[in-house]
Amino acid sequence: MKFQTHEVMNQAPELEDYNSFLRDQALQDALQREGASWARADVERFGAVTGSAASIALGYQANAHKPQLHTHDRFGHRVDKVEFHPAYHQLMQTAIAEGLHASPWQQSQLGAHVARAAKYYLHTQVEAAHGCPITMTFAVVPALKQQSNVAAEWLPRVLTNEYDPRDIPANQKRGITFGMGMTEKQGGSDVRANTTIAKAIGSAGSGELYELVGHKWFLSAPMCDAFLMLAQTNVGLSCFLVPRWRPDGTKNPLELVRLKDKMGNVANASSEVELRGAQGWLIGAEGKGVRTIIEMVAMTRFDCMIGSAAGMRQAVVQAVHHCQHRRAFGRTLVEQPLMSNVLADLALESEAALTLTMRMARAMDHQEQTHEQLLARLAVAIGKYWICKRTPQHAYEAMECLGGNGVMENCIMPRLYREAPINAIWEGSGNIQCLDVLRAIEKQPETLEAYFAEVARAEGANSGLDTSIKQLKNWFSQRYEVEERQGQARRIVDQLAVTLQGALLQQHAPNAIADAFCVSRLGTDWGLNYGTLPIGINRQAIIDRCFSTG
Ligand SMILES: Cc1cc2nc3c(=O)[nH]c(=O)nc-3n(C[C@H](O)[C@H](O)[C@H](O)COP(=O)(O)OP(=O)(O)OC[C@H]3O[C@@H](n4cnc5c(N)ncnc54)[C@H](O)[C@@H]3O)c2cc1C
């Protein structure tokens, strides 16, 4: 005899088969405002894809089955292959078919960066880790263009929308992907400590072929077709394009030692590699490797902003959805005053991250304008630091909104939480970003002028914002010793970030959002945790804008 033990009730339904663009009012507004209204139909179509149960399932599958390294085949030949679950390939296929790896370089239409950022933001919410090779392929283009003979050979296959994962020489493929190798054991942030050596095979100089001997301690997405790598020549640190296969069709000796056992980002393989005479072409001037590869790094930093803003978005959406359906103590959680404070606070952080990111996308689209160029130089470093740094705590608080269910591996929250710190660490860790902000201002004081011109557009809209702008101007008018300045870099970049976000929201967001953000983040009326917005904030309006019941 079987007994009914209980009825399952008061659980939120699965959040799937919804349009993740149409449920995101801030994203719709940003697409229009920042210059890509022409892309609306396409992004709306893609929002249905990224909200579909089928896409969401791919994210789970790709992470449940970690990539496997095969150093040798069964006969003992070196193969250096990484095997991925089909779901990973499907995510890569979609990302490349949608142009997330290259669309702004394929079309000259103004707003192309904004349109791509919107789509990337949606896709990263499904699964973040496969974004690593997508971003690196996108980011390589400006650096590669510095070496015209090499670019002529390699760029056309970057600029196709075909994902071709076959492990064969790049010149036989329909589409290719790129990675990046800078970090070595003895030096990550300080790449000048690199010990990998490069020697010219014939003549030395830009575009010529060299042989590299050394190692890389981190080389993500090692199945990429080629990598930009730093190595020392007798002139100094230089940048090389190192392919997986040599032009003669033999394997380039990039020997994978092992895959990193990472806490997050597990669907993406990150490897350690030894270069035993690997061939590569010199990109840019010899001895100017950092100057060359920084073009790539600048773009990856921008994508870290998109990725972390997307992580926050997915976290707050899950939290709001759960709280809209779950009842406790006589009403839904979203109706409980304290929970509405937590959700509204998380929503503010998420919208501020998106707004700054999309503003930077617009700046990317208008690099011919001096203001946009100077602003991007400073504000991408500020935004990369700040948005990535804010994400882990945000992910944790969103997880807590789901209670015990939020901790379970069959829910996306643990994945969002484990992914959250990574963007902050790679592509310039927090301190490095803050020091970069100071360096940019020192080398090019016009970047700071561009920053103040940008925030001045919102002057007078909020007293906390006005005070913060004054404090920043005052700080920069002082002459501090280098040690003092560096020691204070986080404090000052925190303030630069929040002030810029506040100024952008004051210009573009509804009053309920902009004022709540400025009162809490720029006034003194905020606690130490999320969920401490002061009295007088329209919390329901903030939550409704974030994710209405649809
Ligand atoms: C998942 C993952 C994938 C990665 N993939 C790649 C890849 O594909 N290619 C690649 O090249 N690298 C890759 N990296 C490496 C990554 O870019 C480095 O870990 C990062 O640049 C930091 O370098 P490091 O680990 O050597 O730490 P360090 O440089 O030793 O830094 C340690 C800490 O010290 C701080 N610090 C350093 N200098 C200063 C200073 N002057 N003042 C104050 N603080 C300072 C840093 O901010 C950091 O917090 C990857 C890393 C991870 C986690």
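The values are calculated or read from the model by the stated rules, or taken from the named source; none is laboratory data. The structure presented is a predicted model; accordingly, all values stated were derived computationally and were not measured. Cβ sites come from the backbone with ideal geometry, for glycine too, and all protein chains shown count toward neighbours. Remember, those area values only see protein heavy atoms, side chains included, never the ligands or the DNA or RNA. Shrake-Rupley method; radii C 1.70, N 1.55, O 1.52, S 1.80 Å.
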Query - Pair Met263, Ala12: separation of 7 Å Cα→Cβ label points (nm) - result: 2.4 nm
Query raised in the report: When you take every Cα atom in segment 361-414, what is the radius of gyration, and what is Dmax, the widest Cα pair distance, in Å?
Result: 17.5, 51
Report task. State the extension gain, in nm to one decimal, for the chain segment bounded by Arg33 and Ala456, taking 0.36 nm per residue of separation less the distance between their alpha-carbons. Result -> 150.4 nm
Query raised in the report: Accessible area of Tyr120, 1.4 Å probe, to the nearest 10 Å²?
Result: 10 Å²
Query raised in the report: Could you give the length gained on full extension between Gln393 and Lys199, defined as 0.36 nm per residue of separation minus the Cα-Cα distance, in nm?
Result: 65.2 nm
**Report entry** Å² per residue, accessible surface of segment 134-179 at 1.4 Å
**Finding:** 37 Å²
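With a ≥ b ≥ c the root eigenvalues of the C-alpha gyration tensor of segment 1-129, is it rounded (a/c under 1.5), prolate (a/b larger than b/c) or oblate? Intermediate results must be reported in sequence, preceding the final value.
Numbers: a/c = 3.77, a/b = 1.07, b/c = 3.51.
Taking the square roots of the gyration eigenvalues as a ≥ b ≥ c, segment 1-129 is oblate.
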Requested in this report: Using +1 at the Cβ of each Lys and Arg and -1 at the Cβ of each Asp and Glu in segment 69-157, identify which of His85, Phe75, Ala143 lies farthest towards the dipole's positive end.
Outcome: Ala143
Report summary line: By the Cα gyration tensor axes a ≥ b ≥ c (a/c under 1.5 gives rounded; else a/b larger than b/c gives prolate, otherwise oblate), the shape of segment 104-238 is prolate
Query raised in the report: Which length gain, in nm to one decimal place, applies between Gln25 and Val213 when the Cα-Cα distance is subtracted from 0.36 nm times their residue separation?
Result: 62.5 nm
**Report entry** Dipole magnitude of segment 271-356 about its Cα centre (Cβ charges: Lys, Arg +1; Asp, Glu -1), debye to nearest 20
**Finding:** 220 debye
Requested in this report: Arrange the peptides 195-204, 357-366, 168-177 so that the one whose residues have, on average, the most other Cβ atoms within 10 Å appears first.
Outcome: 357-366, 168-177, 195-204
Requested in this report: Can you figure out the FRET efficiency of Lys2 with Val79, using R₀ = 35 Å and their beta-carbon distance, to the nearest 0.05?
Outcome: 0.05
**Report entry** Karplus-derived HN-Hα couplings along segment 80-95 (A = 6.51, B = -1.76, C = 1.60, θ = phi - 60°), whole Hz, x at Gly and Pro
**Finding:** 6, 10, 10, 9, 10, 5, x, 4, 4, 4, 5, 5, 4, 4, 5, 4
Requested in this report: Starting from the Cα gyration tensor of segment 392-476, take the square roots of the eigenvalues, sort them a ≥ b ≥ c, and report rounded, prolate or oblate (rounded when a/c is under 1.5, otherwise prolate if a/b is larger than b/c, else oblate).
Outcome: oblate
Query raised in the report: What list of ³J(HN,Hα) couplings, whole Hz, do you get for segment 203-209 from phi and the Karplus terms 6.51, -1.76, 1.60, once you set θ to phi - 60° and write x for glycine and proline?
Result: 6, 8, x, 4, x, 8, 8
Query raised in the report: Amide H neighbours of Val79 under 5 Å, counting only residues 5+ apart in sequence or on other chains, H built in-plane at 1.01 Å?
Result: His72, Asp73
Report task. Note down the magnitude of the dipole of the chain about its Cα centre, charges +1 on Lys and Arg C-beta and -1 on Asp and Glu C-beta and zero elsewhere, to the nearest 20 debye. Result -> 560 debye
Report summary line: Placing each pseudo-label 7 Å from Cα in the direction of the beta carbon, Leu159 and Val482 end up separated by a distance in nanometres of 4.3 nm
Requested in this report: Could you give the C-alpha radius of gyration of the chain expressed as a fraction of 2.2 N^0.38 Å, taking N as the number of residues it contains?
Outcome: 0.98
Query raised in the report: For the pair Lys470 and Gln507, what calculated FRET efficiency results from E = 1/(1 + (r/R0)^6), where r is the Cβ-Cβ distance and R0 = 22 Å, to the nearest 0.05?
Result: 0.75
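When the convex hull of the C-alpha atoms of segment 101-183 is computed, what volume per residue in Å³ does it have? Before the final figure, lay out each step's value.
Values: hull volume 9.8 nm³, N = 83.
In segment 101-183, the Cα hull volume divided by residue count equals 118 Å³.
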